Each structure stands twice: as structure tokens, then as C-alpha cells.
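Report on one structure; see the data block that follows.
A short reminder: the numbers here are calculations on the coordinates, not readings from a lab. Here the structure is a predicted model, which is why all the values come from computation and not from measurement. Ideal geometry is used to build each Cβ from the backbone, glycine not excepted, and the neighbour counts take in all protein chains shown.
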Amino acid sequence: MAAQSRKRSRPAPKRRPGGNPQKAHRPAPRATPATARDWIGAARLRTLPLAITPVLIGTGAATLVDDQLHWVIALACLAVAFALQIGVNYANDYSDGIRGTDDVRVGPGRLTGGKKAKPRTVLIVALSFFALAAVIGLALVIRTGQWWLIAVGAVSIVAAWFYTGGKRPYGYNALGEVFVFVFFGLVATLGTTWLQVQSLPQEAWFGAVAAGLLACAVLLANNLRDIDQDRLAGKRTLSVLIGRRATQVLFTLFVLVPFAIAVFLALVYPIAWLTLIALLGGLSAILIVWTYRAPRELIVALQVTSFTSVAYGAVLFWAFAA
């Protein structure tokens, strides 16, 4: 026992100041507060042409019944469409943000998901735009005496909220395109025509279908861009459900069918042939959707499709009003 050397315990090595243990307890960096540019970006101005298209087509169809242009009503319809569009965009920012869907994004950053603004503030802004749409819509109802349209407006606002809001948002269950087609196509176009002339010529129906399909194409481009993170977040968009290839095919159909409608209308309204100029933009968007390498490239497809839509609407307005 005496011959054996006694083992001495080595002292624990001293930790260097600023080592990993200290770094682990450092608070996460705070997000930069939202700037005016961030708020404008959250309004997603690139989607606003989709609000112009149905008003142009609906107003043009109204001139087929009454030669007089009801420009005050048309501008009020446009204001309602803008307010609803922006309200939906802010509501989506809020709802997706609090669910964590926007924690990882390919496209522009969000206010709520990026912690740039308080969720309550974003919600108040969204509800303010819905309220603005309701006030202008009520003024239109009073002006035209079409009181039953109050119910249509109420349904539109409720549908806009539950697109991504509520416990079971239908936008998370592959029904977003249905909402867009119905409310940003049929309701917006036919409502514009009805408020002006209390009549719905068949041209308004054709134009409403075309406007709705182009709006759906924009949504598809957006959802194709976000397909990977939406799948991880449990957001079952139509693109997540059917996959990339089927989304590309559907996008192509949504862009081309409106121009087939325009060719049909051109048999009676020759100016409608000029929509084929706008088709150049649509074909460019289709090419991007089929050949993109990075998801960010689809932002360009989204923008091009949006402007193709408003160009299409402008030509149809001219064809009907000429």
C-alpha cells in the first residue's frame, strides 16, 4: 500500500470567459421594428391588379346594357375591391404568423412571422381595411337601393377572414383557389356590373370566369413557391395536395383558358383579339413556372401573371365599351 502512489484528483479546468456556456444563455437578437416599407410590403401591392381586373370587366359589361358610364359606382367598386384585397393580405399575415407558417419563408418577409410588429397591431390593420370595405359597400347599397347585397358583402368579409383565420381555415385545406375564383372572380365582376345596371349580360359571366381563373393562377404561383415550407407547416394548399407537376399543368390551364374565352368573345367584339398581346405575358409566366430552378423565381411569375390579368381586363373593357 505504501509503495502505491496515491492518485490525486485533477482540478477541473477553468472555463474561459465568453465560452459556450455564456453564449448559450445570450438572449436571441430582437427583430427590427417594422418600417413603413415593411407595412407597404405586407399589403402585397403586387396582387392589387387582381382587384382592378374584375372591376374593368364588370364595368365594360355594364356599358353593353347602358351606354352611360357610371364612373362613380365603378370607382367605389374598385375601392371596395382594393380594401378587401389588402385586408385579406394583412389577415393572412396575422393568421399565418401566429400559426408559425411564416417562420421560414422564401418570399418577402412578413410582419407577424418576422416579429416585426405585434400580432394585435396587424390584426387591427386587417380589420380596419375590412371595415373600410364595409362602409364603402354600404354606401353603394344605399346609392343603388340593392339592399340584398349587404348579405353578399358580409359573406365576402367572413370568407376573407376564414381563408386563413379561425380554427379550421379552408385555405389550409386546398380550398383557397375556390375562394379566389368565387369572390375575386364571380362576385367582384358580376357585382360591379349589377350595381351599375341591375342586369347581368352573358358577357359579364364570361369575363367573371376569366378574371377568376387568372386570380387563381396568381395564387397557384404563390403556393408553388411555398410548397415545401407549407408541407412542413401542415398547410395543405392545393399545390401541396396535388404536387408540383400537377400544379404546373393547372397553372397553365388557368392562364390559357381566359384567352380562349377572349377569342370566343372576339367573334362578336373584334377588339378582344388584342388580348393576345397580353397573352405574351401569360406565356412568359408559364415558361417560368415550368423551368424555374429556385422558388424565388416564381415571384416573377406571380407578378407577370398579375399584370397580365389587368391588361386582359383593360382590353375587354375597351372591347365591350367601344
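Odds and ends about this structure:
- The charge dipole of segment 45-321, taken about its Cα centre with unit charges on the Cβ of Lys, Arg, Asp and Glu (plus for the first two, minus for the last two), comes to roughly 1060 debye.
- Helical mean residue ellipticity (222 nm; -39500 (n - 2.57) per DSSP H run of 4+; nearest 500) of the chain: -21500 deg cm²/dmol
- Remark: segment 133-139, residue by residue, has Karplus-estimated 3J(HN,Hα) of 4, 5, 5, 5, x, 5, 4 Hz, where x stands for each Gly or Pro and the curve is 6.51 cos²θ - 1.76 cosθ + 1.60 at θ = phi - 60°.
- Sparse-neighbour loop sites [trypsin sites (Lys or Arg not before Pro); segment 191-295; at most 14 other C-beta within 10 Å; DSSP]: R293
- Equivalent-ellipsoid semi-axes for the chain (Cα gyration tensor, √(5λ), whole Å, largest first): 50, 23, 15.
- When the chain is treated as a GNM with alpha-carbon contacts under 10 Å, the residue of Y163, Y292, Y90 showing the greatest mean-square fluctuation is Y292.
- Note that segment 185-201 has calculated 3J(HN,Hα) couplings of x, 5, 4, 5, 6, 5, x, 4, 5, 5, 4, 8, 10, 6, 7, 10, x Hz, one per residue in order, obtained from phi through the Karplus relation 6.51 cos²θ - 1.76 cosθ + 1.60 (θ = phi - 60°); glycine and proline are x.
- Most mobile listed residue (I286, I57, I277) in the chain, GNM with C-alpha springs under 10 Å: I277
- Relative to the longest principal axis of the Cα atoms of the chain, the long axis of helix 71-99 lies at roughly 20 degrees.
- Farthest toward positive dipole pole in the chain [+1 Lys/Arg, -1 Asp/Glu at C-beta], among G191, A154, V72: A154
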